[in-house]
Each structure stands twice: as C-alpha cells, then as structure tokens.
Amino acid sequence: MPLNLWFDPAQVFIGGRWRRAGDTLPVENPSTGEVMARIARGSAADIDDAVTAAQAARDGAWGRLSATERGRILARIGQLVAARADDLALIEALDVGKPLKQAKADALALARYMEFYAGAADKLMGETIPYLDGYTVYTLREPHGVTGHIVPWNYPMQIIGRSVGAALAMGNACVLKPAEEASLTALAFAALAAEAGLPAGALNLVPGLGEEAGAALSAHARVQHLSFTGSLATGQLVQAAAARNVIPVTLELGGKSPQLVFADADLDRALPFLVNAGLQNAGQTCSAASRILVERARYDEVVSRMSAHYRALTAGPATADCDLGPLISARQKAIVEGYLGLASDLTLAGQGQIATDAPKGGHYIAPTLFADATPGHRLAQEEIFGPVQVVMPFDDEEDAIRIANGTAYGLVAAVWTENGSRALRLAKRLRAGQVFLNTYGAGGGVELPFGGTGKSGHGREKGFEALYGFSTLKTVAAHHG
Ligand code: NAD
C-alpha cells in the first residue's frame with residue numbers, strides 16, 4: 001500500500017510555518033525494509049528557533065487565550081484527528097509496522113486525548129488558604145512556559161496526545177521532537193493542529209536525531225519543563241540535562257511488568273490478557289506484561305493454554321493486519337535476537353509463526369513464550385522490547401510479591417484472583433504506577449494517571465493528574481488589615 005501524505009514530510013514546523021531543514025533522514029517501512037520517504041534532520045539551530053517561537057507564542061496570542069478558548073481549540077484538533085483516523089492509521093502502520101487495527105486505535109486515542117484535555121483545560125483551579133487575620137491567600141495554577149516533548153517510536157500518536165495535549169491545555173507552548181524512526185504522524189498532527197486554529201508557535205515540531213535535536217532540546221536554557229518517554233539510558237541523559245537547567249522533568253521509561261495469576265483466577269477471562277498484553281505492538285510497549293507469574297497449582301495448565309494461544313499467532317506486514325507486525329528496525333530485531341540467544345536454559349513453551357509471504361526485508365520475529373524462568377534470569381529481569389514473554393511459578397502470596405517487586409522497574413502490574421481481599425492487599429504492596437485487578441490496561445485509559453516507580457521513571461501523565469505536572473503553583477498572599 002503506497003504512502004500517501006498530504007504534507008511534505010521533510011520539513012520542520014516552527015512558529016506556524018513549515019520550512020525545509022538543512023539535511024534529511026530516510027524513513028524505513030519496517031514491514032518491507034524499504035525507504036518510503038525522507039524527514040527533516042532538525043539541528044540545534046532549528047531547536048533554538050522553535051524555542052524562540054514557543055516563547056513568543058506564550059508572550060503573545062497563545063498566552064492571552066482563556067483556558068476555555070484553549071479547550072475549544074483542542075476540541076477542534078480532536079475532531080480533525082478523528083475525521084482523519086483512517087489516514088493517520090495507515091501512515092502509522094507503514095511507519096511503525098503495527099497492524100492497521102492497532103494503528104487505528106492509536107489514532108482514535110489521540111483524538112480522545114484532545115477531547116479529554118479540551119474538557120479539562122478550564123477545570124484545574126487554585127485554592128484559598130485560611131491564614132492570619134488580615135490576609136487573603138490563594139494559589140494560582142500557571143503554565144511552566146516552554147515545554148519540551150521527546151517522544152519514542154512505539155506509540156507516537158498516543159504519547160503526543162497525552163503529553164502535548166495536557167501541556168497545551170495548561171497553556172504551555174510546546175517544542176516536540178518525535179523519534180527519528182517514526183515522525184510521520186507527528187507531522188500530520190502538527191498540520192491538523194494548525195488547520196484547527198492553534199495559534200502560531202503554540203506547537204513547534206522538529207524531527208531529527210536524538211543526539212542532535214533531542215540533546216539540543218533537553219539542554220536548552222529557555223525550556224522550562226521536559227517530558228521524556230523512551231529508554232532508561234536516554235532518560236538519564238535527559239534528566240542530567242534538566243538538572244543543569246534546574247527544570248522539572250517527567251520520565252516515562254521502561255518496564256518489566258508482571259501479571260500474577262492465582263489458583264482461584266478465572267482463567268478463561270485472564271488468558272487473552274495474559275498473552276495480548278505481552279505481545280501488543282510486537283511487545284514493543286513500555287507497559288508490556290512480559291512476566292507471567294502463576295501459582296504452582298495451576299502453573300502447568302496456564303503454560304499449556306498460553307502455548308496453544310502462541311501457536312495460533314502470526315506475524316506479518318502491518319497492512320495485512322496479522323496478530324503482530326514486524327519490529328521497528330534491524331537494530332531492534334538484533335537486540336531481541338540477542339535475548340533469544342540467552343534462553344538455552346529455559347523451556348521453549350510456545351512459538352507462533354512468521355507469515356510465509358512476509359517481505360524478506362521486514363524485521364519479523366516469531367512470538368516466543370518461555371517457561372520455567374527463575375526470577376533472576378536476564379529474560380525475567382531486563383526489558384526485551386520484543387514479542388517474548390516468560391512464565392514462572394510462585395508458591396504463595398509472599399513469594400508472588402517478592403518476585404513481582406524483584407526487578408529494577410515498576411510500571412504496571414496485574415493480579416488475577418477471585419479473592420477480593422487478596423486483590424486489594426496486593427494492589428497496595430505491588431511496586432508499580434498502575435495496578436490492574438482482573439484486567440490489564442483497561443482499554444488504554446486516557447483518563448487514568450500513568451507513570452512509573454523505580455527505573456520506570458517518575459512523574460505522571462494521562463488523566464487529570466497530568467495537568468499538575470504541566471503547571472506550576474504560585475501562592476499569592478495579600479495583606480489588607
Ligand atoms: P530512546 O531513548 O532511544 O529514544 C526516545 C527518544 O529520545 C527519541 O525521540 C530519540 O530521538 C530521543 N533521544 C535519543 N537520544 C537522545 C539524547 N541523547 N538526548 C535527547 N533525546 C534523545 O528510546 P526508544 O528505543 O526509541 O524507545 C524504547 C524505550 O522507550 C523502551 O525502553 C520503552 O520502555 C520506553 N517507553 C516508555 C514508555 C512509557 O510511557 N513509560 C512509552 C513508550 C516507550
């Protein structure tokens with residue numbers, strides 16, 4: 001299926017204007033390995049111009065809009081995104097390699113983020129504080145000013161939605177640096193935002209390399225807040241850069257999220273979640289449920305049912321809408337193959353296939369399930385970011401918690417049990433930013449605050465909570481006698 005764009009992808013968008021960058025980067029279709037377009041290779045100078053344009057927007061037309069007016073613009077963006085959902089889905093499927101159906105869900109989630117933050121824009125209020133006689137004291141929620149947004153390639157639309165949506169709702173002016181592997185829907189989004197009447201400079205977009213445009217944005221002295229989603233190693237660099245400028249940073253990093261299955265669980269209900277939550281987007285999901293912990297009494301049964309599920313799965317080109325697409329790049333495929341090479345001491349419990357007509361140049365890996373992992377095994381500890389899950393047994397509740405909490409990460413966890421007291425107990429004791437009881441992911445949950453503990457990062461995006469992160473609090477104390 002050809003890539004049909006209604007914008008020139010080899011451009012940056014700064015101060016409401018499109019312009020060509022000095023150099024370009026190739027855009028690969030991961031389903032075929034072919035180069036299908038070129039995007040701008042934004043430079044430090046482009047980032048500097050974008051920050052200047054954002055600052056001008058904050059000081060100008062964008063900064064003067066009421067919260068309600070900001071919300072109306074976000075609502076219009078959401079409507080345009082929803083109207084182009086099929087086009088956006090096709091672009092994302094070709095660019096990221098995710099099956100069309102999943103790409104369509106991402107496009108609709110982007111529209112929903114705009115709708116949610118449109119409604120939220122004028123709902124965050126300050127407080128009055130009882131104080132000494134003769135004083136009136138109140139707080140104001142204000143935007144940081146210029147916010148930088150560095151986005152990865154796995155869910156560009158969803159991550160732009162949750163981060164740029166909340167930042168704009170609070171009145172910040174944004175500079176967005178999408179991932180070099182997948183920038184096309186970010187460009188489409190900027191075009192739609194302009195069409196919806198977003199004032200010039202409120203959103204600026206500079207595609208480019210992480211070590212060039214990304215590093216320049218995270219180190220920029222006139223950026224007042226950074227939102228970063230990506231790997232732990234890059235997150236550490238971004239946080240160090242933010243520290244030098246003494247600005248707040250939200251880090252959404254990786255995970256090794258467990259699902260805990262107790263012997264009394266409703267397995268018929270749990271089973272699709274156990275597998276799908278691990279394999280969505282070919283496992284390239286920060287919140288992928290990559291560890292399945294099962295109480296010993298039902299361990300063999302769960303492994304055998306998951307194996308059967310795996311054997312029925314097929315990876316193929318994104319537009320063929322198979323169960324899984326390819327991985328994003330040859331590099332990512334090599335990383336996953338490296339992990340598969342470490343699994344000789346595990347039991348290969350189930351494996352899907354690669355479609356026979358999948359193009360040879362695509363980056364396919366058959367979904368693979370390993371059983372009998374020990375909690376300390378590297379495949380049970382490290383984020384693989386591919387279609388690989390490990391299953392391991394536990395003896396009792398204490399053992400389950402010890403294993404579940406026993407990695408450096410803490411993003412998401414799930415508990416499957418019909419014992420309500422146990423579910424609530426575990427929800428408290430699991431170290432994770434989100435805990436699901438008898439479900440996983442809750443349909444994406446635009447409304448649900450999301451973020452990590454430990455090496456999964458800090459700060460919260462999504463839901464109303466994100467508005468606190470994208471604003472700063474000012475206390476006003478008046479003495480009137
Ligand atoms: P990455 O860190 O390589 O890249 C992410 C972004 O950072 C890209 O835009 C990249 O260009 C930019 N970048 C790279 N080097 C930079 C630098 N020196 N300075 C500033 N920016 C730089 O990550 P990735 O491989 O693209 O994404 C995979 C990782 O992201 C996984 O670990 C995954 O778990 C994580 N992730 C987390 C979430 C979440 O919400 N917690 C969501 C998606 C992905």
### Message
So for each of 31-39, 147-155 I average, over its residues, the number of other beta carbons within 10 Å; can you give me the resulting order with the highest mean first?
### Response
147-155, 31-39
## Note on the structure
Computed over region 372-442, the relative contact order (Cα-Cα under 8 Å, seq sep at least six) in percent reads 27 percent
### Residues with amide H under 5 Å from that of residue 11, placed H, sequence gap 5 or more
40
#### Entry: Under 13 Å, Cβ to Cβ, from residue 79 - net charge with Lys/Arg +1 and Asp/Glu -1
+2
### Query
region 172-203 to region 312-366: how many Å between their Cα centroids?
32 Å
### Contact order normalised by residue count of region 258-445, Cα under 8 Å, 6+ apart, percent
28 percent
### Task
May I ask you to evaluate 6.51 cos²θ - 1.76 cosθ + 1.60, the Karplus curve with θ = phi - 60°, for each residue of region 40-54 and list the ³J(HN,Hα) values in order in whole Hz, giving x for glycine and proline?
5, 9, x, 10, 4, 5, 4, 4, 4, 4, 5, 5, 4, 5, 5
### Task
Report, for region 258-445, the % of DSSP beta bridges that are antiparallel, rounded to 5.
15 percent
## Note on the structure
The answer for the net charge of residues other than residue 2 whose Cβ lies under 14 angstrom from its Cβ, with Lys and Arg +1 and Asp and Glu -1, is -3
### Task
Could you sort 453-463, 18-28 so that the peptide with the highest average Cβ count within 10 Å comes first and the rest follow in order?
453-463, 18-28
### Summary
Cβ-Cβ cut-off under 14 Å around residue 290, Lys and Arg +1, Asp and Glu -1: the net charge is +1
### Gyration tensor verdict on region 258-445 (Cα atoms; rounded if a/c is under 1.5, prolate if a/b is larger than b/c, oblate otherwise)
prolate
### Query
For region 364-467, what is the percent of antiparallel DSSP beta bridges, rounded to the nearest 5?
10 percent
### Message
With θ taken as phi - 60° and the coefficients 6.51, -1.76 and 1.60, list the Karplus ³J(HN,Hα) couplings across region 211-221 in order, rounded to whole Hz; mark glycine and proline as x.
### Response
6, 9, 5, x, 5, 5, 5, 5, 9, 5, 6
### Query
Counting DSSP beta bridges with both partners in the chain, what percentage is antiparallel, nearest 5?
45 percent
### Message
Run the Debye formula on the Cα coordinates of the chain, all scatterers equal and no solvent, and tell me log10 I(q)/I(0) at q = 0.07, 0.08, 0.14 1/Å.
### Response
-0.37, -0.48, -1.33
## Note on the structure
Per-residue ellipticity at 222 nm attributable to helices in the chain (runs of n ≥ 4 DSSP H, -39500 (n - 2.57) apiece, nearest 500 deg cm²/dmol) works out to -11500 deg cm²/dmol
### Task
Calculate one ³J(HN,Hα) per residue across region 6-16 by plugging θ = phi - 60° into the Karplus curve 6.51 cos²θ - 1.76 cosθ + 1.60, and present them in order as whole Hz with x for glycine and proline.
9, 8, 7, x, 8, 10, 9, 10, 9, x, x
#### Entry: Percent RCO, i.e. relative contact order, over the chain, from Cα pairs under 8 Å lying at least 6 residues apart
18 percent
### Task
Specify the inter-centroid distance of region 369-438 and region 1-67, based on alpha-carbon positions, in whole Å.
40 Å
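Values in this text are rule-based calculations from the coordinates and carry no lab data. Worth saying up front: this structure is predicted, and the values here are computed from it rather than measured. When we count neighbours, we look across all protein chains shown, and the Cβ atoms used for this are built from the backbone with ideal geometry, even at glycine.
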